Protein chains: 4
Amino acid sequence: MSQKIKVGILGATGMVGQQFINFLQGHPWFEVAWLGASDRSAGKKYRDATVWRLDGVMPPGVADLVVNESKPDSAPQLMFSAMDASVATEIERAFAEAGHVVVSNSRNHRMEPDVPLLVPEVNADHLRILPRQADRGWKGRIVTNPNCSTVVLTMGLAPLKPFGITKVMVTTMQALSGAGYPGHASFDMNANVVPFIKNEEPKMESETQKILGECNGGAFQDHPMRVSAACNRVQVLDGHTETVAVEFARKPSREDLLKAFAGFRGVPQERELPSAPPCPVVYMPEDDRPQPRRDVNRFNGMSVFVGRLRDCPVFHWKFLAMGHNTVRGAAGAAVLNAELLKSEGLIDA
Amino acid sequence: MSQKIKVGILGATGMVGQQFINFLQGHPWFEVAWLGASDRSAGKKYRDATVWRLDGVMPPGVADLVVNESKPDSAPQLMFSAMDASVATEIERAFAEAGHVVVSNSRNHRMEPDVPLLVPEVNADHLRILPRQADRGWKGRIVTNPNCSTVVLTMGLAPLKPFGITKVMVTTMQALSGAGYPGHASFDMNANVVPFIKNEEPKMESETQKILGECNGGAFQDHPMRVSAACNRVQVLDGHTETVAVEFARKPSREDLLKAFAGFRGVPQERELPSAPPCPVVYMPEDDRPQPRRDVNRFNGMSVFVGRLRDCPVFHWKFLAMGHNTVRGAAGAAVLNAELLKSEGLIDA
Amino acid sequence: MSQKIKVGILGATGMVGQQFINFLQGHPWFEVAWLGASDRSAGKKYRDATVWRLDGVMPPGVADLVVNESKPDSAPQLMFSAMDASVATEIERAFAEAGHVVVSNSRNHRMEPDVPLLVPEVNADHLRILPRQADRGWKGRIVTNPNCSTVVLTMGLAPLKPFGITKVMVTTMQALSGAGYPGHASFDMNANVVPFIKNEEPKMESETQKILGECNGGAFQDHPMRVSAACNRVQVLDGHTETVAVEFARKPSREDLLKAFAGFRGVPQERELPSAPPCPVVYMPEDDRPQPRRDVNRFNGMSVFVGRLRDCPVFHWKFLAMGHNTVRGAAGAAVLNAELLKSEGLIDA
Amino acid sequence: MSQKIKVGILGATGMVGQQFINFLQGHPWFEVAWLGASDRSAGKKYRDATVWRLDGVMPPGVADLVVNESKPDSAPQLMFSAMDASVATEIERAFAEAGHVVVSNSRNHRMEPDVPLLVPEVNADHLRILPRQADRGWKGRIVTNPNCSTVVLTMGLAPLKPFGITKVMVTTMQALSGAGYPGHASFDMNANVVPFIKNEEPKMESETQKILGECNGGAFQDHPMRVSAACNRVQVLDGHTETVAVEFARKPSREDLLKAFAGFRGVPQERELPSAPPCPVVYMPEDDRPQPRRDVNRFNGMSVFVGRLRDCPVFHWKFLAMGHNTVRGAAGAAVLNAELLKSEGLIDA
């Protein structure tokens, strides 16, 4: 008899929903017990409502669950939201109002002044904004994780924050799995780069400032650094690779930065949360690493890999960052958020 | 009976040599009449000495030419050098000494203080350094074209030079054909990005400063802007894509920049050199262009395509540049250099 | 003032329609003068009704044409049909009834007993079925070209037909462009083979028997050979590659087969039709050719390349065939059909 | 203190050697204790002698082992051979002579009349040939596993053997990892199929006949079926996909074949060998499966997946088979062979 916490997934039939299901297989605390999707799917068994898009086959444990309408009624307290942005706003609010804790991967609430945009190793203290959500009349809460490309960047920058980051220039080479399903046509991507991802650049820029910013006196204050992003899609399955150049208030030494990367730990590591990687940021000393295909699945996809730290002729330092966009950048990010909430006592046992 | 100028190719059996042969097919001024390679190949017919690596089959016109040792004796005045850097220095010098005009794609002489590093639309006036080569006792001359990734960048920047460029940050996504043959193992590149190209970043940085710099009083003076490059290999056949951020002495308007791109012409266009594209820099207004696979072969591969001009939160402007690395960035670049030399009267009819 | 024959394209805004437009650029006989599409597009300029999917940009000559409803009224006599199978049946018949010559790439009429399924080099004589279409009350006519994978196979087999083919086993590795747009998701195809193409295998099997069959006494008679196909999608942009094993009534010699490939010519070559390749079937003697990326664009994409002829331990001979699926297998096939019709006097000057 | 059996790896620094090291990580019976390579590497630590080519990083447990010359002296009894064919013959014999049990992935001894070519689920009884090796004066033994493409085919055919296979036609689409390192140039493979793999077709044909054949009276007797293979390289990382057509003495029913696939088990399953997959052959009922990227890693890469069983218009049945070429087709195959030998008492505890 399972003593695990039952969890629900909104948007369960889509590709992000499938990634939640995959990531939660064998989770020591959480058990997928409720699946929500559009009315079209409601009432069907998950296996009948869903075309499984991920590698391998649908986990047998969820195949016979009956898909629910996206209404709070019967749902567990802890809800993961993998909904499309076109519908997430109203539904997530309805669940929060009804007392659920909504851990969302959708972008809809990320930038709201009373919603934490969490990377648990980086800004776990942003949770202190949560009481303000009561002002909306919500009995429950909403927390969000950032856009996949933002997670990789903020994890790479967080160890360097103490040195006083002032400017960041980043170019991304993003994986196909980040585009949802069906995403790009294979005809368009074959032997090609698509140098444009709609809305991605402003999201990366503003989300990064919020995440690395402060939460004081019941309000968020953006980090004052300036961030500029150029986002591209490349023929990689999983793993966003980012070239980063950083300017600081004063140029730190190479040793300082390497020490900062190596020593970086956060709340998830302190509390040994189940999905926390031992080292959230792993510096690879090889000339040509990290590489997405070769490194993306290490440490269960939950670490961000950095490398190629070198002097920048324009800013102070350049380096590479790479992380798993659908794990560390989506499903795994949200699950780690939920583990953080649980460890804070915000979810009932 | 052909009245064309006979030309030779050093390093003719390699992949760059093959690109020269392909590009020179049907050239209105030049005719490949002499092929040089290593002693191992000398004396064989080209078809027997060469594994043809490019698409299609070996052009029949060269297949029966006998490959020569890389010695000046019987060679034509105009020599294209496609030699590997490991051997180019001595051989190119020997040809220059013996009175040949060596138009080299190799990196060996690019940064020397008496050798022009040419992008004919950008710095044709650097040819005025050539008389200094007589000080070496050379009866002939050496001119060079830049590294493939540099050509794309300098073509994209040249129209903006009048606005006073002060800083440039560039990230490249470079094509497989830029790595020579065999280059990367397909096992390494499959569904991957290799975020490192040996020596590429310093080359891009210093070559760009030389090309956009001045040639006064018998010496080159680097452009004072600072350039920082991050170079990556992606799964694209031909065409280097580059994200560029630029800071100016004073921020120009969007209209100014678009006008500058659209109106940019150089000596090759004025003189209507055979390989000169009508517009050296083509601005594409679409959200998601240029793309390497879709645009690289337009205008015979000799234009550089730019797009996505947008405000940069850190510098003044960001944009994309993309060009054909083995045409505009190698064989086509050298042939255009030779056409420029011919138009200057530096090659005998 | 143009003396060319004006032609129309049904389904002009789709990817196959775009391929027709591309292929007809600069055609010496035909000029695109009329574009038809769904009611949604009708009345708009082509540039506004169409997202250009092919490499490069929309040819300027068609960009300002106004798209028509798919009705015969104002359309030219010669109509190319690039319509989706879901709508082609009724519309093609309406045009045929109204007196148009419909040269269709759609599958809808291919297997009908009074419609020729043409590969002009192989079965130009099947045109003699056309008068039977008058029995339907059509003032015009419909001719079709086969499925892209069938064209490659039948071109490869046609030279061998005189030796009495009895059995054919074929496995295809088909290009992404054959799946229409958007076709496969890039997420699904990345580093993958999709070993299934809906309805493709029975189409290849039955179409091949019809094309290599006879047209006698006003009826088609299938070729009695048995054909078995296994169809797969691979990460190639253009060009279907097929491994073929053939059994004959009696085993011919290798020399006989090579001679048959080399000497194969058809009506298009005899009449020097504008789109006819000099050699419809090109045997490549190299160990590892043909290869789709390297050979697909030779001879304007209109030849089929064969290679690797070798003994088969089960049947008599094995070989490879490869051809351009959107040129020789679609737009180019239809244009060659139209040229054949014109050369037969079936299209008014 | 480990009670595991110490094993050695010949050719340890190459890519196949690395696959052995990866596959043996955490093996319950075997422990890598000895690494052999060329004289050039001997004496160095493994980490210094080896460029790690596989995903992730070199397992720390082997990094500090000192590489040995490929001589029997200090080596453990159980030796895995991952050597290149150019050197394997003499070295494997020297080890066998000296009393070692050589479990080889190299092709050199596969077809010898006293060496078993094992797929443990298929022909474990071929081990009874082993005593004949004593006639060579060997105190030890050599056993081999087949070529990677052969393993997939023979696993797919073995369940059907009772129905009397008479003819097999197979076309392969093989993964890049099967070509060794560096294998194909990425320039050659990009958006391409290379329809040729040197010596692969005759190997598949003859090895399949040996494996499915009998071992009676101290000699092997090939299976009398005829096999014809066409081998191709495609852009897939791991996993060979094969289209198979089979003729039988008498056509079995679809149900018979599905039952045969589903019920197929071998000695490794009976004895519950550590690397034995629960089902060696897994039939996938979906229209479009198996697919290499999506299925290759299921069951630790040790199952072969079949699908798309359908009538063949030429032979009786067609189906697909797909398996992991470097696991089930190389390192995993050899380790399973060693487990079989151990279970037979042929390796000392």
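Quick look at the numbers
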{"item": "D:Glu214/A:Leu309 FRET efficiency (R0 41 Å; Cβ-Cβ; nearest 0.05)", "result": "0.05"}
{"item": "Where a label projected 7 Å from the Cα of D:Arg265 along Cα→Cβ would reach, residues of the range D:272-306 with amide N under 12 Å", "result": "D:272-273, D:278-280"}
{"item": "With Cα atoms, 0 to 90° folded angle of helix C:85-97 axis to chain C main axis", "result": "70 degrees"}
{"item": "Debye intensity ratio in log₁₀ form over the Cα atoms of the protein assembly as shown, taken at each q of 0.04, 0.05, 0.06, 0.09 Å⁻¹", "result": "-0.26, -0.41, -0.61, -1.42"}
{"item": "Per-residue Cβ neighbour rank within 10 angstrom, fewest leading, C:Lys203, A:Lys251, A:Lys198", "result": "A:Lys198, A:Lys251, C:Lys203"}
{"item": "Nearest residue to the symmetry axis between B and D, taken on chain B by its Cβ, in whole Å", "result": "B:Ser186, 2"}
{"item": "Helix-only mean residue ellipticity at 222 nm for the protein assembly as shown, each DSSP H run of n ≥ 4 adding -39500 (n - 2.57), per residue, nearest 500", "result": "-7000 deg cm²/dmol"}
{"item": "Summed residue charge, Cβ within 14 Å of C:Leu24's Cβ, Lys/Arg positive, Asp/Glu negative", "result": "+1"}
{"item": "Shortest-first nm distances, D:Arg250 label point to equivalent points in other copies (7 Å, Cα→Cβ)", "result": "3.5, 9.2, 9.7"}
{"item": "Label point 7 Å beyond Cα along the C-beta direction, distances from C:Arg128 to other copies (nm, shortest first)", "result": "6.6, 7.9, 9.3"}
{"item": "C-alpha long axis of helix A:332-343 to longest principal axis of chain A, angle in °", "result": "70 degrees"}
{"item": "Average other protein chain Cβ within 10 Å of Cβ, residues B:285-293", "result": "5"}
{"item": "Relative exposure of D:Phe20, C:Phe264, B:Phe299, judged by other C-beta atoms within 10 Å (fewest first)", "result": "B:Phe299, C:Phe264, D:Phe20"}
{"item": "Across the identical copies, how the A:Thr89 labels are spaced - nm, sorted shortest first, 7 Å along Cα→Cβ", "result": "4.5, 6.5, 7.5"}
{"item": "Radius of gyration, Dmax [the range C:148-324; alpha carbons; angstrom]", "result": "16.1, 51"}
{"item": "Inter-label distance, nm, simple model (7 Å from Cα along the C-beta direction), C:Ser38/B:Leu258", "result": "3.2 nm"}
{"item": "Length-normalised contact order for chain A - Cα pairs under 8 Å, 6+ apart - percent", "result": "17 percent"}
{"item": "Label-point separation in nm, C:Asn300 to A:Glu286, each point 7 Å along Cα→Cβ", "result": "4.9 nm"}
{"item": "Compactness index (Cα Rg / 2.2 N^0.38 Å), chain D", "result": "0.96"}
{"item": "For the range A:62-198: Kirkwood Rh in Å [reciprocal of mean 1/r, alpha carbons]", "result": "17.4 Å"}
{"item": "Charge sum, other residues only, whose C-beta stays under 15 Å from D:Pro290's C-beta, Lys/Arg counted +1 and Asp/Glu -1", "result": "+1"}
{"item": "Under-5 Å amide H pairs with C:Trp34, H placed in peptide plane, nonlocal only", "result": "C:Val7, C:Ile9"}
{"item": "Student exercise, the range A:148-324 dipole from Lys, Arg, Asp, Glu Cβ charges, in Debye to nearest 20", "result": "220 debye"}
{"item": "Where only C-alpha atoms are counted, convex hull volume of the range C:158-215 per residue in Å³", "result": "121 Å³"}
{"item": "Local electrostatic count, B:Asp188, Cβ distance below 15 Å [Lys/Arg +1, Asp/Glu -1]", "result": "-1"}
{"item": "10 Å Cβ neighbours from other chains, averaged over peptide D:265-272", "result": "0"}
{"item": "Close Lys-Lys pairs in the range D:148-324, where close means Cα under 24 Å and separation is 8 or more or interchain", "result": "18"}
{"item": "Semi-axis lengths, Å, the range A:57-120, gyration tensor of Cα atoms, sqrt of 5 times eigenvalues", "result": "23, 15, 11"}
{"item": "Cα-based helix-to-principal-axis angle, D:200-211 vs chain D, degrees rounded to 10", "result": "90 degrees"}
{"item": "Spatial separation of Cα centroids for the range B:279-303 and the range C:13-46, in angstrom", "result": "23 Å"}
{"item": "Under 21 Å from A:Lys45, Cα to Cα: lysines that are on another chain or at least 8 residues apart", "result": "A:Lys6, A:Lys71"}
{"item": "Neighbour-count order for D:Ile211, A:Ile9, A:Ile165, fewest beta carbons within 10 angstrom listed first", "result": "A:Ile165, D:Ile211, A:Ile9"}
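FYI, it's all coordinate maths here, none of it is from the lab. Note that the structure is predicted; figures quoted are calculated from it, not measured. Because the Cβ atoms are built from the backbone with ideal geometry, glycine has one as well, and the counts that use them run over all protein chains shown.
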